[in-house]
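Right, one structure below, let's go through it.
The values are calculated or read from the model by the stated rules, or taken from the named source; none is laboratory data. Just so we're clear, the structure is a prediction, and the values are computed from it rather than from any experiment. Using ideal geometry, Cβ is built from the backbone for each residue, glycine included, and neighbour counts are taken over all protein chains shown.
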């Protein structure tokens, strides 16, 4: 309950006339006074705050009180900063509007949507080092010159558009996070989520560091032959460890009646895709370009990175299964 009083105060060196009311609300300066009512603790604002609320006029007239806060004062106090460059928010903004329109490609889900189901994907996150991007970008440009229908994975932009600029190619096509899939991407029921995540964390907890070497370019086709992928495959360093992790995940999938991974897994990251099955022509192109790039050292790793953990994405939520600190 609020009580309203007209109060005058003598503060050191200054006479303050508090007008028109003081309320029993906590502010900046507290004092006590006595009336016929019980003693109350009343708070007032300092003079600068009162001026901001009631204006600078010295009149005591209640009828001519200034507005509590003027539009001018508000605009002077809060000056809006310009928005940040769009390129900081979305790497696709590095491209022109025409490029974005070209890149709008229809994607078809390999399984029907069912209410209450969420898409499950278990993977190792991979980032390409800056020192390796230039060599990989050069390879992609040579392949794209002969296979112009390739698109960037996930971004769904024509690779030939990005190849016009080395900066765009490295930032948009190679600057994002890639994934080594450890299990099939499948739908699961909401009632299975907690169990799947719990088992993944229990079975895959590890503090073991190992290096993953991407040794060769390879071409893959999805199960229904509607897409062809240009990928970097792991054939040496890290293959044993990743294969073991896939086996553990297969066991968890089986307990939840989910389809298991391929019998002979070939760990890889996909960098580009094309509609339909163009595996024959793409393999020929990749083999031709690869001979020129690695003729002197066929066993050379294209790029390597440390295993830093496993993640599980269900719907739009990402769960950390295990994480290895540096």
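Given the conditions (1) more than 22 Å from residue 300 (Cα to Cα); (2) touching a strand residue (DSSP E or B) at 6+ places or on another chain (Cβ under 6 Å); (3) not in a helix (DSSP H, G or I), and given that residue 201 satisfies all but one, which numbered condition is not satisfied?
(3)
Would region 171-183 turn up any residue that is surrounded by fewer than 19 Cβ atoms within 10 Å (Cβ to Cβ), over 27 Å from residue 321 (Cβ atoms) and touching a helix residue (DSSP H, G or I) at 6+ places or on another chain (Cβ under 8 Å)?
There is at least one residue in region 171-183 that is surrounded by fewer than 19 Cβ atoms within 10 Å (Cβ to Cβ), over 27 Å from residue 321 (Cβ atoms) and touching a helix residue (DSSP H, G or I) at 6+ places or on another chain (Cβ under 8 Å).
Taking only region 232-264 into account, find how many residues are closer than 17 Å to residue 120 by Cβ and over 26 Å from the mean Cα position of the chain (by Cα).
The total comes to 14.
Out of 296, 283, 291, report the one residue that is in a helix (DSSP H, G or I), modelled with pLDDT under 95 and under 30 Å from residue 138 (Cα atoms).
So the residue among 296, 283, 291 that is in a helix (DSSP H, G or I), modelled with pLDDT under 95 and under 30 Å from residue 138 (Cα atoms) is 291.
Of the conditions (1) under 25 Å from residue 288 (Cα atoms); (2) surrounded by fewer than 20 Cβ atoms within 10 Å (Cβ to Cβ); (3) in contact with a helix residue (DSSP H, G or I) (Cβ under 8 Å, 6 or more places away or on another chain), residue 219 fails just one. Which one is it?
(2)
Please specify each residue of region 126-145 satisfying the condition of being buried (at least 17 other Cβ atoms within 10 Å of the Cβ) and not in a helix (DSSP H, G or I).
126, 128
Out of 228, 206, I need the residue that is assigned by TED's automatic domain parsing to the domain that holds residue 138 and touching a helix residue (DSSP H, G or I) at 6+ places or on another chain (Cβ under 7 Å). Which one?
228
Here are the criteria: (1) modelled with pLDDT of 95 or more; (2) not in a loop (DSSP other than H, G, I, E, B). Tell me which single one residue 149 does not satisfy.
The failed condition is (2).
Residues to consider are 242, 246; find the one that is closer than 30 Å to residue 288 by Cβ, outside any strand (DSSP E or B) and modelled with pLDDT of 95 or more.
From the options 242, 246, the qualifying one is 242.
Residues of region 265-280 being free of Cβ contacts under 8 Å to residues at least 40 places away in the same chain and either over 31 Å from the mean Cα position of the chain (by Cα) or not in a loop (DSSP other than H, G, I, E, B) (or both), which ones?
280
Going residue by residue through region 308-323, is there one that turns out to be more than 27 Å from the chain's Cα centre (by Cα), in the same structural domain as residue 173 (by TED's automatic domain parsing) and surrounded by fewer than 11 Cβ atoms within 10 Å (Cβ to Cβ)?
no
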